[in-house]
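Each remark here refers to the structure printed beneath this line.
A short reminder: the numbers here are calculations on the coordinates, not readings from a lab. Just so it is clear, the structure is predicted and the values come from calculations on it, not from any experiment. Note that we place each Cβ from the backbone using ideal geometry, even for glycine, and neighbour counts take in every protein chain shown.
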């Protein structure tokens, strides 16, 4: 396969090569998670009703897919790509554009699956690279678009990762990012603390994970805005969306009640209550012209 970057990756970090010696426990745990290819497969693997996941997806990765329609350029970087969930959805939603992707991830196992999946594509459109978000092996001003959906909360050095995403964007390039909101995560952890304990006791599922185990280090909108501006990017849009508990808690909500909840969540967002109830932050920012690194 000809390099998508014309050698821009400097030969470092390709599939099967660790970008950093050794894997920390957090990376190892991440590599063991379900490797889903789209939101419907994620719903099935996680025992989440598809209508609830469809609501959440439309406001996160689905929002990114829609936004791409207004963005010029054809070279994309997906940070924390997994097995290519976001790139494949973007490509399939925009069949008239000849889009090329580089997908990075800390998990060689995920990227080996992505490489196998991409082997069936003609032409091949995605290059998997193993690397950390805090240190990416690409020249400055390389990509037209950077996407990073539900990833930065798992990164140790968030300002450095944001700086790297800004560095590799071309002047005028766009960053799309989604991430959980700290206050909403903490709220739902508190609300579901007792149901989780009862459920675990009845099911005899062993030790109860610590509250907040679904995420590593969620951020507040203020923190996300600060590191975005500090990286030299200009914020075009930032909002809080998805007025539902984290998907790992949906198993405790009866189906009929959950359907009503999803309907209410859509109405709440329509009336601007996402800023109070939204579980996720979504961000669109651009790199100013004349700011080449």
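Determine the distance separating the Cα centre of region 228-293 from the Cα centre of region 106-122; give it in Å without decimals.
29 Å
Specify whether the C-alpha gyration tensor of region 58-102 places it in the rounded, prolate or oblate class, a ≥ b ≥ c being the square roots of the eigenvalues: rounded for a/c under 1.5, otherwise prolate if a/b is larger than b/c and oblate if not.
oblate
What is the packing order of peptides 222-230, 189-197, taking the mean over residues of other C-beta atoms within 10 Å and listing the highest first?
222-230, 189-197
For a quick protection proxy, order the peptides 159-171, 267-279 by their average other-Cβ count within 10 Å, most packed first.
The densest-packed peptide leads the list: 159-171, 267-279.
Fewest Cβ neighbours within 10 Å first, please rank 219, 238 accordingly.
With the sparsest Cβ surroundings first, the list reads 238, 219.
Go through 174-182, 91-99, 71-79 and give me the packing order, highest mean Cβ count within 10 Å leading.
With the highest mean Cβ count within 10 Å placed first, the list reads 174-182, 71-79, 91-99.
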